[in-house]
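Written out below as structure tokens is the structure these notes cover.
The values are calculated or read from the model by the stated rules, or taken from the named source; none is laboratory data. Here the structure is a predicted model, which means the values were calculated and not measured. We place every Cβ from the backbone using ideal geometry, glycine too, and count neighbours over all the protein chains shown.
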Amino acid sequence: MKNKILNILIALIFLAVFNACFFTLIDIYSKTRWICYAAVHVAYLLFFVSTQSIPKVKGGNVHGYPKIATAWSYLFVTLLVGIIIIAVNPDSTAWPLVIFVIITGMYLLIYALLMKAEEHSIAADREDARNLYFIRDCSEQLSEIMRQLAGANRKKLVEQAYDAVRNAQVTSIPEAAGVEQKILSKIAELSAALAASPGAEPAPLAGEIIALVRQRDSLIRMSR
């Protein structure tokens, strides 16, 4: 939030200086100069919109900085071109207008491409967060089950299931969603079985969990 406000304030200072110079140093206000004046303010308006569109996804990954850098470049280029044309003050209004339209059009095209790339990046971050949550959730549940078990032999296979989950592929694919749901179900089933009967043998369900984790990893590897 502070960065957004800082960007706006800095750009506003440039705009204020431009307005002060425009209305104090110029004696003749031609159509060409008014076109430059309008173009600079349009650039600032688009810059303002850009600074308000930096999304933040859960997990702290911040996106949008390429858009801000592009907006700054657009603002400075428009300001520089505007100052040059104001100083030259050509009789024709056509080519200054064409120049500003081209600059703005290029900026909007680049901005749209950056937004598209940003959407893909955010979607990938959200998917990574979901995958990490799956691994962490399974690991925590198995760790809690191990704490409840007495005897090294009973813990051994559950520990193997825990290690299999911890070492599982972090990246997932849609085709593995069903297997992941089965893994969660088997872990819940194991926890419920031990809660109902503390002396129950965990090996069968732990073995099924290991097999499912390997099946999930195999599906992910095959998709690459």
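Keeping to the range 20-39, report how many residues are farther than 12 Å from L97 by Cα and surrounded by 18 or more Cβ atoms within 10 Å (Cβ to Cβ). Residues meeting the conditions: 1.
Against the definition (under 30 Å from A69 (Cα atoms), among the small types (G, A, S) and at pLDDT 80 or above), how does A164 come out, yes or no? For A164, the condition - under 30 Å from A69 (Cα atoms), among the small types (G, A, S) and at pLDDT 80 or above - is not met. Scanning the range 130-147 for residues that are closer than 16 Å to L194 by Cα and surrounded by 14 or more Cβ atoms within 10 Å (Cβ to Cβ) returns Q141, L142, S143, I145, M146.
Selection of first residues in the range 195-224 that are closer than 11 Å to V179 by Cα and of second residues that are among the charged types (D, E, K, R) and part of a helix (DSSP H, G or I), restricted to Cβ pairs under 6 Å at least 6 apart or on distinct chains, gives the following pairs, ordered by first then second residue: I209/K186; L212/K182; L219/E175.
Residues in the range 175-192 that are farther than 15 Å from Q215 by Cβ and surrounded by fewer than 16 Cβ atoms within 10 Å (Cβ to Cβ): A188, E189, A192.
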